[in-house]
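Below is one structure, written out as structure tokens; comments come after it.
We did not get these values from a lab; they are worked out from the coordinates using the rules stated. Since we're looking at a predicted model, the values are computed, not measured. We place every Cβ from the backbone using ideal geometry, glycine too, and count neighbours over all the protein chains shown.
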Amino acid sequence: MSEIYTVIIGILGVLAISGLFVGVTNTVIIGILGVLAISGRFVGVTNDAVNFLNSAIGSKVASMKVILSVASVGILIGVVTSSGMMEVARSGMFNPGLFTFHEVMMLYLGVMFANVILLDLYNSWGLPTSTTVSLIFCLLGSAIAVSIYKISNDPALGIGALGEYINTSRAMGIVSAILLSVVIAFTCGTIVMYISRLIFSFRYTATFRRYGALWCGASLTSIVYFALFKGLKTVLDGHAFIEFVDRHLLLSLLACWIVCSLALFFIQRLKINILRITILSGTFALALAFAGNDLVNFIGVPVASFDAFSIARHSGDSNMLMEALNENVPANFVILLTAGVIMIATLWTSKKAMHVSETEISLSAQGDEGQEQYGSSLFSRTIVRAALNINTGVERVIPPRVRTAIAHRFEYEDVEHSGAPYDMIRATVNLTTSALLIAIATSLKLPLSTTYVCFMVAMGSSLADRAWGRESAVYRISGVMTVVAGWFVTALGGFLIAFVVGLALIYGGIPAFVIITVLCGWMLIHSNFRKKDDKSGSAAPAVQTNEDIIASLREEVCATMESATKIYDRTLIAVMQENRKVLRDMVKESNDLFYHSRDRKYTLLPTLKKLQGNDVNTAHYYVQVVDYLNEMTKALMHITRPAFEHIDNNHEGLSKEQVKDLMDINDDVESIYRRINQMLREGDFADIETVLSLRDMLFESIAEAIKSELTRINEARSNTKASMLYLTILNETKNMVLQSRNLLKSQQYFLKHRNGPTTWIKQQ
């Protein structure tokens, strides 16, 4: 083998320079698979982190560093205690004894390419999915692609021979896992949370002092049971202790509950929050289980490919059949440990992991504050409407006194004063229910997915906790259905991507290999390492102090007013010139401006709570400013859209009289806005009465322009479409300037009332 290829392999981090017998191409493929393994672990952990982090993050049980540290320890122990058996990747979906070394390498390469692409897409979209499902269906798609290649090259084989190569029963088991997980997990999460909230309510402090140790003891027992039968299953399988627990399960669980309850009781007496202990223990157990089970499946493909490489190297025959892969050989401990370290590094560094977590947390957050991440749909509206009708019928049956008592238990109050999306009671329910369901399913050999169970339990508990109020239920249901639909898309998408990539690799050879490698690399770099542009249309950042609120609003008002001035001026000129391209750009910019201002309205409640802590009047002025800003941008949008539609539909342009009137109006608007922008930037409102006078003069000019246009219409000297556009521009201009002047006045009151006329101004 030439030195250049040895360098390539070294760069790729694969010590495969002994591949003299199987050729340089296969050596490079091994290197690429090694790189893909690292990339796959990165995107896989990014998505799966949602499983074991969200309950702790959503309840703010501890700092992010503490949560990540606990999860990291769980991952390390899970990796160390894992058996490393990778039967899924080696022979779970196809019969390796019917494939040659080259075919197996192409198959595995297609799987890894497809898996990395698919999971990176889901991470970019912020949707949680199952890495196991992705892996299995990628294996299925790639195996079918290679099988079709083999069948097409053998005249003696027909399409019926496909069943000899592929194990489709595993795929059907995964589909059933999705359905089972959705129904069972959601139902159990709802029931357990409802009962728990009836017991403790949101004002759980007093009740928890009495019964908290017993309740957390039961939760911790479930978590311990989960850790033993799921997380440490591979280590303790066949152990005398596990066999004893299996034979005396109820007695063992009772004893564990008593021990845990007593321990937590004494800890509680020391003024230590046992809810934190329970939640962090659950986080640890889920991370342990994931590293001990799912990790092995995920790294199974690159490890199996290296095993195939080693087998072919020793035999010296690159065309040999891979019957040896049917033997389940434990993975090298160093490889498992390396994968675990990559997992931990990803947890601490990946921004996309937090993006995926935000999806579940936003869908389960208590209250209706803020803008919902998902829109409404016909399905969600139908579900909510049906639920309201059912609820009305149930209320007729339940006595009023009982309804009142139940409603009182569900009156939300943040007794922890953490501002968390939900409290630690719900976080404990999420972890306990998820752990218990997964452990029971494992013991009964039911194909429940960890990802699906954790997500649906969280959704069920949020429903029971009345987090889905009438203001948010439609959007939350749409979000849940989007995620659930994404799970099925994972299976279908993974299959199709792997099938296409597998066909391209097996038929296209080295050129296809190079092209797909470059495309996949570009996608990962583009998605994970490029700088994100901070667009003006993005949602306003969360503010922490009153000073931040004032500075943020001031900057937004100034920037919005300056942008509105430019957009209005360019729109009128483009209408006169019949410039469709500029008008299209102005529509986009005005839309962005409007939606950005509208988003500010959805952040009103948390902001008002901050301001009202000091002064209600300040909050009142803040509401006015935000409302006027929204109305002003709406008026501007109602100018740009009709203008573009008029020109885009090739209607006749404006007449000379209309153009002259609009130019005069534009000059007046520009003069007013110049003064408004100057006052906003400098913080000096001395000329506010001058603006009022200019506004009145503008309104008189607009009134005269409207009268002139009506005269032209009566005399049939004006085109109908052009007249409608002209009048629309005049009316919306009047509305826009009116709102702008009101905005200026409210901004003056807001700033003056809050901090005085000068203290808020930053030095330019």
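As an exercise, use a Förster radius of 30 Å and the Cβ-Cβ distance of Leu249 and Thr187 to find the FRET efficiency, rounded to the nearest 0.05. My answer for the efficiency is 0.85.
When the pairs Lys634/Lys734; Lys566/Lys656; Lys581/Lys656; Lys634/Lys707; Lys566/Lys734 are compared against a 20 Å limit on Cα-Cα distance, Lys566/Lys656; Lys581/Lys656; Lys634/Lys707 fall above it. Our note on the geometry: Cα centres of the range 245-290 and the range 554-576, 61 Å apart.
If every alpha-carbon in the range 149-216 counts as one equal scatterer, what log10 I(q)/I(0) does Debye give at q = 0.19, 0.27, 0.29 1/Å? Normalising to I(0) and taking log10 leaves -0.84, -1.10, -1.15.
Can you work out the FRET efficiency for the pair Trp348 and Ile525, with r the C-beta to C-beta distance and R0 = 22 Å, to the nearest 0.05?
Values: r = 20 Å, r/R0 = 0.92.
Approximately 0.60, to the nearest 0.05.
May I ask you to compute the full-extension gain from Met724 to Glu652, defined as 0.36 nm times their residue separation minus their alpha-carbon distance, rounded to one decimal in nm?
Details: separation 72, 0.36 × 72 = 25.92 nm, distance 1.18 nm.
Answer, rounded to one decimal: 24.7 nm.
Relative protection proxy for 217-227, 151-161, 636-646, from highest mean packing down: 217-227, 636-646, 151-161 (other beta-carbon atoms within 10 angstrom). Counting Cα-Cα pairs of the range 388-466 in 10 Å increments starting at 0 gives whole-percent bin shares of 15, 34, 28, 21, 2. Computed extension length for Thr207-Glu327: 37.6 nm, one decimal, from 0.36 nm per residue of separation with the Cα-Cα distance subtracted. Note on Leu270 and Cys558: with the Förster distance fixed at 41 Å, the Cβ-Cβ geometry gives a FRET efficiency of about 0.15.
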